[in-house]
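Where a number appears in this text, it was derived from the coordinates with a stated rule and is not lab data. Please read these numbers as outputs of a predicted model, since none were measured by experiment. Using ideal geometry, Cβ is built from the backbone for each residue, glycine included, and neighbour counts are taken over all protein chains shown.
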Amino acid sequence: MSKKSYRTAINEALRQEMRRDPAVILMGEDIAGGAGAPGEQDAWGGVLGVTKGLVGEFGRERVLDTPLSESAYIGAAAGAAATGLRPVAELMFVDFVGVCFDQIFNQAAKFRYMFGGNARTPLVIRAMYGAGFRAASQHSQCLYPLFTHIPGLKVVLPSSAYEAKGLLIQSIRDDDPVIFLENKVQYDEEEDVPDEAYTIPFGEANLTREGRDVTIVAFGRMVKIANEAADRLLKQGISCTVLDPRTVSPLDTGTILDCVQETGRLVIVDEASPRCNMATDVSALVAQEAFGALKAPIRMVCPPHVPVPFAPNLEDLYVPNADRVEAAVRAVMGFKARELA
Amino acid sequence: MQMNRADLLHAYRTMRTIREFEERLHLEFATGEIPGFVHLYAGEEASAVGVCMHLTDRDKIASTHRGHGHCIAKGVEVQGMMSEIYGRKDGVCGGKGGSMHIADLSKGMLGANGIVGGGPPLICGAALTAKTLKTGGVAVAFYGDGASNQGTTLESLNLASIWKLPAIFVCEDNGYAESTASSYSVGGSQAKRAEGFGIPCQEVDGFDFFAVHEAARVAIERARNGGGPSMLHVRLARYFGHFEGDATTYRAPGEVERIRNEQDCLRRFRQQVSDAALLDSGELDVVDREAAEAVELSVRGAKAGAPPTEADLLTDVYVAY
Ligand SMILES: Cc1ncc(C[n+]2csc(CCOP(=O)(O)OP(=O)(O)O)c2C)c(N)n1
Ligand SMILES: [Mg+2]
């Protein structure tokens, strides 16, 4: 066990799984870098250096730099997965899914069901998501609700370095197509991460803290922000449960409902665009299954329904922060039934 | 090559302005004041200017993530661009787009693009508009060697061909897509690809403004006269990293210095016009100074500019709410 960054945790998971299983291969744009170039090979290791060093150990046969052709290589990864390899394909920014979505949602996601249960597609697609990088409208989206909408895909949102390693190893060993989303502003965040390989099962939420008053369900990077708010609220005498679902497909509905039953109040923090996102999904679940337990209306803390702006001051207003979570928790605590009228 | 003095001066001024703009951004980015991703066009100026000299505001272009040069060549105001890159309210996109999304539709500039291969299909559409409405305009897609491998680009070549669109595909081949060499990533050749779709392709020396200018003239005339699409395969080089912050270790030691010293398009232009006694170095020096001053002013303006207001976050998603 030692302190490792989110980036290192992911790199280590890939390395350990590649050592364990020769069927695991990587592909993506510049995941090694320097292909065909006169200078350094492994020059990039991905845009933000996550796969650095892997080509040195495993060679270009297993760490494949691709041309700028997402439809072709994401589709090739799906085809390879269906025929005996375990590809981990990197899409770089999740926003680029626009050019290759068919291969993911009509092909990979559907094989098993359409073919009557006869297919197995152990594919992992890694991509970066999220705002806060000053990367503007086409490089900052979350988009995980799009994938969650598609039956046949599993969708993973690691909220920290420890989570990232265990969930990625699980993703690689899983026999279904998995969308593994890395928050680009978290790569340098460090915490204790075991040196050996370990898995974190899908569909089991992590209770990052337990409290009496309010349940906060938060996704990906928002888990940290929710905990920051919960720390402050505790000093004001309000105690929160903060739940990290870890995977949004499958979703641990049981734990969410149990927590709401206990606290009677729910705040959901989701960085994805507010229409048809995880916050609305969880709200619907709770409204349907735990209505009687609610002491206040559910509150959702989400960005506004606009593209991610470039200007830093606007982007900072866009992304949910601890202040907004704190305000939402105080609002549900202060709620009086007569306000409903 | 029939260019009058005014055109020659304009060409040089535009190329020099792009160079100044990019060299300055390289320095300013290093101070940490500029947010986000910035991809510089320095080294490639002859391509944007050689092509756009033939265009007016009714003609459309689509650009790439490396878009500053195309913008300046298409007449977008330098101050508006610089302010945009600094995230200011008075930037051409109100600070909402930044370097990767600079656009000025009034100038026929349909936008830099954060999605590689995003431009060519849009240009088919712009060419379709020109053809349908008989505007006499043409549409130009600038795209890189990397983008040439994108399905959207290849599909667009076919669409432009079968619809005989007034479109010009300018493949700016700087030898790299991020750190990946085009010798690795491009199967076949750009010219044979074009040929496969029934589109003529000219191989162009992108370090030579006059070569680009002449090749573009042929392609654009053909498109304007209803002859359909063409491709220009322009070989050139970028001087800086893929984006600012890229250490460029994948390039050979001295690779960029050699190109800068031996092939630089601005230096070559100066040589060509003075050899032919078309312009003298004194007047070119004046242009150099003026371009530097214009960029300096724009940086000062951008630094002094105000960011967008809170209310701006929620506007412009729709025309009508
Ligand atoms: C669809 C998509 N895939 C990948 C990227 C990431 N990316 C940005 S620029 C670039 C390389 C582009 O190379 P090229 O087309 O040759 O243009 P150049 O940068 O050399 O001007 C890549 C891979 C992207 N922005 N969009
Ligand atoms: Mg290139």
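Magnitude of the charge dipole for the protein assembly as shown, about its Cα centre and with charges confined to Cβ atoms of Lys, Arg (+1) and Asp, Glu (-1), is about 1380 debye. How high is the FRET efficiency between A:Asp192 and A:Ala331 when r is their beta carbon distance and R₀ equals 41 Å, given to the nearest 0.05? The value I calculate is 0.70.
When the charge dipole of region B:103-246 is built from unit charges on Cβ atoms (+1 for Lys and Arg, -1 for Asp and Glu) and taken about the Cα centre, the candidate among B:Ser182, B:Ala216, B:Asn149 whose Cα reaches farthest toward its positive end is B:Ala216. Lysine pairs in chain A whose alpha-carbon atoms fall under 18 angstrom of each other, counting only those eight or more residues apart or on distinct chains, come to 15.
Return an integer: the convex hull volume of the alpha-carbon atoms of region A:2-193, in Å³ per residue.
About 111 Å³ per residue, rounded to a whole number.
Across chain B, C-alpha contacts under 8 Å between residues 6 or more apart give a mean separation that, scaled by the residue count, equals a relative contact order of 22 percent. The residue among A:Thr280, A:Gln103, A:Val319 whose Cα reaches farthest toward the positive pole of the charge dipole of the protein assembly as shown, with charges on the beta-carbon of Lys, Arg, Asp and Glu, is A:Thr280. Listed by number, the DSSP H helices of chain B that run 30 Å or longer by alpha-carbon position along their axis and have mean Kyte hydropathy of at least -1.0 are B:5-30, B:281-304.
Values of log10 I(q)/I(0) for region B:5-306 across q = 0.11, 0.14, 0.17 Å⁻¹ run -0.61, -1.02, -1.49, by the Debye formula with one identical scatterer at each alpha carbon and no solvent.
Across chain A, the mean sequence separation of Cα contacts (distance under 8 Å, 6 or more residues apart), normalised by length, yields a relative contact order of 15 percent. Site-free segments of chain B were taken between trypsin sites (Lys or Arg not before Pro) in DSSP loops having at most 12 other Cβ atoms within 10 Å, sites themselves excluded; the longest one is B:135-321. Whole-Hz Karplus values for region A:203-216 come out as x, 10, 5, 10, 7, 6, 7, 10, x, 8, 8, 9, 9, 10 Hz, taken residue by residue from phi with 6.51 cos²θ - 1.76 cosθ + 1.60 and θ = phi - 60°; glycine and proline positions read x. Rounded to the nearest 20 debye, the dipole magnitude of region A:206-340 is 380 debye, with +1 charges on Lys and Arg beta carbons, -1 on Asp and Glu beta carbons, and the Cα centre as origin. The number of Lys pairs in chain B with C-alpha atoms less than 27 Å apart, excluding pairs fewer than 8 positions apart on the same chain, is 27.
In region B:222-321, taking the dipole from charged Cβ atoms about the Cα centre, the farthest positive-side position among B:Thr315, B:Met231, B:Ser298 is held by B:Met231. Checking every one of the trypsin sites (Lys or Arg not before Pro) in region A:244-341 against DSSP loop status and a limit of 12 other Cβ atoms within 10 Å picks out A:Arg275, A:Lys336. Taking a point 7 Å out from the Cα of A:Arg212 in the direction of its Cβ, the residues of region A:218-242 whose backbone N falls within less than 18 Å of it are A:230-242. Taking GluC sites (Glu not before Pro) across region A:33-91, the ones in a DSSP loop with at most 10 further Cβ atoms lying within 10 angstrom of their Cβ are A:Glu61. Other residues within the sphere of radius under 15 Å centred on the Cβ of A:Phe101, judged by their own Cβ, net out at -2 (K and R +1, D and E -1).
Restricting region A:1-37 to GluC sites (Glu not before Pro) that sit in a DSSP loop and have at most 11 other Cβ atoms within 10 Å of their own Cβ leaves nothing. Charging the Cβ of each Asp and Glu at -1 and of each Lys and Arg at +1, and nothing else, the dipole of region A:2-193 about its Cα centre rounds to 400 debye.
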